[in-house]
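Student: Below are the structure tokens for one structure; questions will follow.
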Amino acid sequence: MSSFDALLYLSFGGPNGPDDVMPFLENVTRGRGIPRERLESVAEHYFHFGGVSPINELNLDIIERLKAALSAESIDLPVYFGNRNWHPMIEDTLGKMYDDGHRRVLVFPTSAWGGFSGCGQYHDDIRRALDALNARVGAQSDVMTLRKLPQYWDRPEMVGACADAVTTAIAQLPDDVRDRARLVFTAHSIPVAADAAAGPPELGGHLYSKQVEKASAAVASAVGVSDYDVVWQSRSGPPQVPWLEPDICDHLESRAGAGDPAFVICPIGFVSDHLEVVWDLDTEAREVATRLGTPMQRAATVGTDDRFVTMIVSAVRTQLDGVDPLDAGLGCRENGTRCAPGCCVSQRPSRPASA
């Protein structure tokens with residue numbers, strides 16, 4: 001007998017039109033003291049694309065492929081969609097799942113990483129939605145069980161999908177620079193203090209950046225590249241707060257000045273082509289490369305690769321087969337409890353929000 005009866009696909013959320021942009025950004029930054037002018041600046045990035053975040057349609061595409069893949073594997077598990085910051089909100093989705101009769105739910109987050117933003121905050125989302133549901137039905141204890149699926153940054157499906165995307169991008173460069181192109185991996189920057197707080201103190205913290213570096217090394221090895229860079233993007237917050245560096249645009253300037261004739265950018269930190277990819281890389285970074293006269297190709301994100309969906313199905317089956325995630329070293333507990341000891345931070349770090 002299966003111990004779970006539904007799957008919640010949990011993501012960040014994004015606006016569906018111009019009127020949604022500012023309310024969405026206010027949700028993202030609520031309680032963090034971000035100045036209004038900063039929100040208005042970020043809003044312009046969304047307005048550049050008609051006020052619509054590409055993350056919504058990309059998530060719906062993955063969900064449809066996931067439903068088909070589960071069915072093909074004879075896994076009878078309905079898939080629901082919820083977000084942290086915009087509709088469908090996780091609180092509403094969880095209420096619908098409860099009304100539909102589901103009581104034990106697996107949760108797949110659209111972040112592969114450890115640390116607070118990539119893992120711990122999804123536990124907070126689960127806990128917040130459960131609290132709202134408990135209050136609605138007047139329960140004194142949890143009326144549902146939700147188990148977040150473990151981090152997947154090092155899964156072979158992820159590495160393989162990234163490696164093939166890099167190979168394809170290299171092949172799209174001009175013949176005369178293809179063999180000398182600089183491979184650059186990029187992921188979302190976070191404050192240095194938040195990264196230092198992530199992971200077991202006895203191992204020195206920095207869980208998130210270490211995972212990004214290890215994943216980048218695995219992909220570089222798979223494509224036969226030994227000399228590459230790991231950089232960061234999409235920082236926000238006051239300039240006096242240190243964030244992970246170097247920034248992708250600054251790095252392109254530096255490497256072009258050092259003589260690199262072309263770049264291949266692998267957005268290893270992102271599941272799909274949402275705003276941080278299409279603005280920060282396809283718009284800003286490409287403008288820098290064009291100004292420098294340096295050819296640049298951006299590798300595809302993994303969400304377009306069928307192996308990404310295959311990976312989700314495999315993770316689901318592991319849980320349906322009764323493997324305890326802690327016994328298996330897979331990380332995540334249930335109902336918003338933090339990960340296994342030594343995984344993510346035990347509380348929200350004090351830091352500005354990423355918008």
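The values are calculated or read from the model by the stated rules, or taken from the named source; none is laboratory data. Every value quoted in this text rests on a predicted model; they were computed, and no experiment measured them. Positions of Cβ are generated from backbone atoms using ideal geometry, with glycine treated the same way; all protein chains shown enter the neighbour counts.
Student: Return the residue satisfying two criteria in turn: it lies in the stretch 96-138 and is surrounded by fewer than 23 Cβ atoms within 10 Å (Cβ to Cβ) and of a type in the set (Asp, Glu), and of such residues it is farthest from Arg317 (Cα to Cα).
Tutor: Step by step, filter the stretch 96-138, then rank; the result is Asp131.
Student: Let me ask another. If I go through the stretch 233-253 residue by residue, how many of them are touching a helix residue (DSSP H, G or I) at 6+ places or on another chain (Cβ under 7 Å) and in a strand (DSSP E or B)?
Tutor: Total satisfying the criteria: 2.
Student: To continue, here is another question. In the stretch 139-166, what count of residues is obtained for those that are part of a helix (DSSP H, G or I) and surrounded by 16 or more Cβ atoms within 10 Å (Cβ to Cβ)?
Tutor: Residues meeting the conditions: 10.
Student: Can you tell me which residue is surrounded by the most Cβ atoms within 10 Å (Cβ to Cβ) among those in the stretch 300-340 that are modelled with pLDDT of 95 or more and not in a helix (DSSP H, G or I)?
Tutor: Going through the qualifying residues, I end up with Thr301.
Student: Oh, and also: Looking at the stretch 254-288 only, could you name the residues that are assigned to a strand (DSSP E or B) and within 25 Å of Leu207 (Cβ to Cβ)?
Tutor: Ile265, Cys266
Student: Looking only at the stretch 166-177, decide whether some residue is out of contact with any Lys or Arg (no Cβ under 9 Å at 6 or more places or on another chain) and among the charged types (D, E, K, R).
Tutor: Checked against the condition, which is being out of contact with any Lys or Arg (no Cβ under 9 Å at 6 or more places or on another chain) and among the charged types (D, E, K, R), the stretch 166-177 yields at least one hit.
Student: Go through the stretch 269-287 and count every residue that is crowded, with 19+ Cβ neighbours inside 10 Å and more than 26 Å from Val309 (Cα to Cα).
Tutor: The qualifying residues number 1.
Student: Something else about it: Residues being surrounded by fewer than 16 Cβ atoms within 10 Å (Cβ to Cβ) and either over 30 Å from Asp164 (Cα atoms) or touching a Pro at 6+ places or on another chain (Cβ under 7 Å) (or both): count how many of those fall in the stretch 183-228.
Tutor: Matching residues across the stretch 183-228 total 6.
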